[in-house]
Every structure is written in C-alpha cells, then in structure tokens.
Amino acid sequence: MRRTFVKICGVRTQADMEALQGLDLDAVGFILVPGRRRTVQADQLKGLLRRLPPGAMAVGVMMNPSRDEVMDWFFRADLDAVQLHGEESPDFCRWIKKTFSVRVIKAFTPDEAAERGAVEAYAPWVDSVLLDSAAGGQKGGTGVRFPWERVIHLREKWNGAGRPVWVAGGLSPENVGELLMRCAPEGVDVSSGVETEGRKDRGKIRSFVERVRIYDRKPVCKAN
C-alpha cells in the first residue's frame, strides 16, 4: 500500500503541538526564518520538540541561512531534516547533508524545479523536492495554490532521478483529495489550510490527514 508523506508546517505553540497528538502524520515543520508570522524562537524550539508526536520527523524550515546560522540551530535543537526555501545552492545542500547527516528538503517554485540542469545539480544532495508557490515577492507560506497541472511533468522529471515530489501552497482538507487523485505527489505539506484564526485546528488537521489516508487505501492503477 502506498503512503503519502504528510507534513504539518508552521507549528509554533504548545497548543499547536497538542493538536497533532495521535494523528497519522509524518513530519512537523518549524519555521526558523526571522520575521515570519509563524517563526519559532530559539528558546521555544526545544520545548516544542519534547511534544513531537511519536515517529514524526522534526523539520527546521530555513531560508537562505548562513552556515553559522545552520550550525547554531543544530547546536540548539535535535532536528531530523532541514527544509530550504530560498536560493540555496547545490553545494550548500551538500554541506548540510554531509555535515549533519540529516534529510534535506529543497523547496522550488514550479519554474525553478523545471529549470535546465536543476535535477542534475540538486538530486545528489536532496532527499525530497517541495513544489510551492510564490506570491507578492514571498516564497513559501503564502497559502496560494499554483497550477496543479504542472505537478505531473515535474514529478516524472524528479522521480527519474529517484527524488520524491511533495506539494504545498493552498492545500486544505477540502482539496487535498483532488490533488492526490489528479497528480499523485509523494507528499503534501500544509500550514494555513489547517488553521482557524491563525491557530492550528485539530479538527482540520485530523480531516486533512484522514483524507490523505483514504486516498492511500485506494487501489493503485497499473498500466498493462
């Protein structure tokens, strides 16, 4: 049976962590980018990690960090993965992977993921590719949906190099099933779509996860 990777991102309070308990998710994302609305401060992160659901990965979400900044976060917290949301180079991804022996998730807009040479340059050093939208000059965390028809071609391209493709941007319990049925990405990443008035909503998170798992249980169609 297939299993779609489910990441709940933008978690920043103990109440948010409590909302995740007992749900069949795979990773929790913590925004470590200064100035963002859901940013987690260094003195908060350790306490939040103590409430990490069993079996879930702790993902530090960063944007164009310096090497010193990455090292400081790993000194402060036990992260399982780093998600890079800026213009980080393949060499920077390689440095993180070799230095910290963690999973590296690289976020791209669809245009960036389709650029000539992107697969060859990044695939050796990243574990997963996250397709996300950009809006108003901001990359990631926009809650804006990009054209999903682009997912299938990009998934085939990156899957050819052995890299799974995840999708973020504008996802919710109401539309995640449509995305999965149409495009079959290997993972989904949601933040604002499972919030109410800026706070993580356990009912919405549960509904989101359940709809993903319903899709996972459907028969996989195979070509003759």
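The values are calculated or read from the model by the stated rules, or taken from the named source; none is laboratory data. As the structure is a prediction and not an experimental result, all values here were calculated from the model. Neighbour counts are summed over all protein chains in view; Cβ atoms, including those assigned to glycine, are modelled from backbone coordinates with ideal geometry. Accessible surface areas use protein heavy atoms only, side chains included; no ligands, DNA or RNA. Shrake-Rupley method; radii C 1.70, N 1.55, O 1.52, S 1.80 Å.
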Test each condition in (1) more than 22 Å from ARG202 (Cβ to Cβ); (2) in contact with a Leu (Cβ under 7 Å, 6 or more places away or on another chain) for ILE8 and report the one that comes out false.
(1)
Please go through the range 15-31 and pick out each residue that is in a helix (DSSP H, G or I), open to solvent by 20 Å² or more (accessible area, probe 1.4 Å) and in contact with a helix residue (DSSP H, G or I) (Cβ under 7 Å, 6 or more places away or on another chain).
none
Scanning the range 73-87 residue by residue, those in contact with a Leu (Cβ under 8 Å, 6 or more places away or on another chain) and part of a helix (DSSP H, G or I) turn out to be TRP73, ARG76
Count of residues meeting criterion [more than 17 Å from the chain's Cα centre (by Cα) and surrounded by 14 or more Cβ atoms within 10 Å (Cβ to Cβ)] in the range 77-89:
1
Taking the condition modelled with pLDDT of 95 or more, out of contact with any Pro (no Cβ under 6 Å at 6 or more places or on another chain), under 27 Å from ASP16 (Cβ atoms) and open to solvent by 20 Å² or more (accessible area, probe 1.4 Å), does PHE92 pass?
no
Among the residues of the range 32-41, is any modelled with pLDDT under 95, more than 17 Å from SER191 (Cβ to Cβ) and open to solvent by 70 Å² or more (accessible area, probe 1.4 Å)?
yes
Taking into account only those residues within the range 42-61 that are more than 15 Å from ARG12 (Cβ to Cβ) and either loosely packed, with under 12 Cβ neighbours inside 10 Å or among the aliphatic types (A, V, I, L, M) (or both), which is nearest to the chain's Cα centre (by Cα)?
MET57
Which of the following residues is under 21 Å from ARG155 (Cβ atoms) and either touching a residue at least 12 places away in the same chain (Cβ under 8 Å) or touching a Leu at 6+ places or on another chain (Cβ under 8 Å) (or both): ALA56, ALA107, ALA42, ALA118?
ALA107
Return the residue satisfying two criteria in turn: it lies in the range 117-142 and is open to solvent by 40 Å² or more (accessible area, probe 1.4 Å) and at pLDDT below 95, and of such residues it is nearest to PHE5 (Cα to Cα).
GLY141
